[in-house]
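Below is one structure, written out as structure tokens; comments come after it.
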Amino acid sequence: MKNINEIRQDFPVVKNLIYFDHAAVAPLHNQSKIILNEYLNYFLNFGIKDYSIWAEKIETIRSKFAEFIGADSCELAFIKNTSAGLSVLANGIKYNNGDNVIIPDIEFPSNVYPWMNLDRFGVKTKFLKTKEGIVDLNEMESLIDNKTRVVSVSWVEFSNGFRNDMAAISKLCKKKSQEYGRKIYFCVDAIQGLGALKLDLKETEIDFLAADGHKWFLALEGAGILYCNKKILKDVHPTFVGWKSVKNPLNFTDIHFDLQESAAKFEEGSMNVAGILSLGASLDLFNDYGIDNIEKRVLGLTKYAADLLQSKNIEIISVLEEKHRSGILTFKTKDIDKDYLKLLANRVQLSKRGDALRISPHFYNTEEEIEKFAGLIF
């Protein structure tokens, strides 16, 4: 396993910036550059000759990704972004007029608009009111009724980094499904956790999950993964279909509308090969360092930052309770706009979200970078 100094050599960005903005868009690493250069050089010189090389690489990445999150390969599809993935479930299951979907009121729009778009079918979006950015499961349970069809939450909330208790929500959805005698699907927007925190779907049962790879997964924009639990694969009908949705996609002339029985039925056509290759490069990087080690380091860095900011009497917005912490730390200063511009001018890359500042360091960042950042705030 590489140490942090070796890992940092894979990230040229560290020579230019203190990069604390992985909850927005992450920089790439050298392993992505290597495989992307290989891909570009191949197409420059050979075009689609022996194209199966790249198809095989994609299937290898699918298998590795499945292992990484404790899923089966048949449950994974590659998608262009989180919104597209969540829209697959939103538009793919059956509803009755008057059904409802429950989401917290602090969700990123990717996990809002696909559900609101169902209003034309008589499906209501019910917003769970949060208090101080905390998703209360008692409040969630009180909202679930015999018309609830989906509960959809972010693994980690984008604005304040609150990590939802997915195991508890999973149990709640199962309990209510049994109580009302109808399936309540548990859907997760995982983009703010995948790549920073450990996920094992063998331990926590989720029905559906989607995430793009351009944040904590350190990959190109426009390539992510969709997970559909094999127990509900038959429940979700693909809204968009194409030549790749069927069982024999390379049989272009003998038409049979026979959908694939795996999540690959959601991959309707040509894929973002370059983006998927960058996902694979990050997988190799994470497996080399170990996702347990990555999570420990990410949480350690945000705790270190929180401690330093609190020592300066800076107001921390993020919940610091251990089980709800993540790689996102949100805080307020006396003059947010001034401090934001000052930090950017001093080559600290971070985000402003609403009336707060947000940092999101990854495992290759260091305590020294945290100290430099904190030292710029008075």
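The values are calculated or read from the model by the stated rules, or taken from the named source; none is laboratory data. Bear in mind the structure is a predicted one, so any value in this text is a computation, not a measurement. Don't worry about glycine lacking a Cβ; one is built from the backbone with ideal geometry, like all the others, and counts go over all protein chains shown.
For the range 317-332, how many residues are surrounded by fewer than 24 Cβ atoms within 10 Å (Cβ to Cβ), among the hydrophobic types (A, V, I, L, M, F, W, C) and under 19 Å from LYS352 (Cα atoms)?
3
Look through LEU199, LEU283, LEU220 and report the one residue that is in contact (Cβ under 8 Å) with a residue 60 or more places away in the chain, within 22 Å of CYS173 (Cα to Cα) and crowded, with 17+ Cβ neighbours inside 10 Å.
On the way: LEU283 fails: within 22 Å of CYS173 (Cα to Cα); LEU220 fails: within 22 Å of CYS173 (Cα to Cα).
Of the residues listed, the single one that is in contact (Cβ under 8 Å) with a residue 60 or more places away in the chain, within 22 Å of CYS173 (Cα to Cα) and crowded, with 17+ Cβ neighbours inside 10 Å is LEU199.
Of all residues being among the small types (Gly, Ala, Ser) and in contact (Cβ under 8 Å) with a residue 40 or more places away in the chain in the range 327-360, which is farthest from LEU299 (Cα to Cα)? Just the residue, please. Spell out the reasoning first.
So the first thing to find is which residues in the range 327-360 are among the small types (Gly, Ala, Ser), and the list is 327, 345, 351, 354, 356, 360.
In the following step, the residues that additionally are in contact (Cβ under 8 Å) with a residue 40 or more places away in the chain were identified as 327, 351, 354, 356, 360.
Numbers: GLY327: 6, SER351: 19, GLY354: 23, ALA356: 20, SER360: 10 Å.
That would be GLY354.
For TYR227, all conditions in the list (1) part of a loop (DSSP other than H, G, I, E, B); (2) touching a helix residue (DSSP H, G or I) at 6+ places or on another chain (Cβ under 6 Å); (3) under 30 Å from TYR95 (Cβ atoms) hold save one; what is the number of the exception?
Of everything listed in (1) part of a loop (DSSP other than H, G, I, E, B); (2) touching a helix residue (DSSP H, G or I) at 6+ places or on another chain (Cβ under 6 Å); (3) under 30 Å from TYR95 (Cβ atoms), TYR227 misses just condition (1).
Quick check on my filter: what residues within the range 234-267 are surrounded by 18 or more Cβ atoms within 10 Å (Cβ to Cβ) and not β-branched (Val, Ile, Thr)?
Result: PRO238, SER245, GLN260, SER262, ALA263, ALA264, LYS265, PHE266, GLU267.
Looking at the range 21-59, which of its residues are surrounded by 15 or more Cβ atoms within 10 Å (Cβ to Cβ), among the β-branched types (Val, Ile, Thr) and either over 22 Å from the mean Cα position of the chain (by Cα) or modelled with pLDDT under 95 (or both)?
Selection gives ILE35 alone.
Within the bounds of the range 176-184, is there any residue that is surrounded by fewer than 18 Cβ atoms within 10 Å (Cβ to Cβ) and of a type in the set (Val, Ile, Thr)?
no
Within the range 5-20, is there a residue that is at pLDDT 95 or above and either assigned by TED's automatic domain parsing to the domain that holds LEU250 or closer than 29 Å to TYR113 by Cα (or both)?
Scanning the range 5-20, I find at least one residue that is at pLDDT 95 or above and either assigned by TED's automatic domain parsing to the domain that holds LEU250 or closer than 29 Å to TYR113 by Cα (or both), so the answer is yes.
Residue check, ASN111 against (1) in contact with a Pro (Cβ under 9 Å, 6 or more places away or on another chain); (2) crowded, with 21+ Cβ neighbours inside 10 Å; (3) without any contact (Cβ under 8 Å) to a residue 60 or more places away in the chain, all met but one. Which one?
All conditions pass for ASN111, except number (3).
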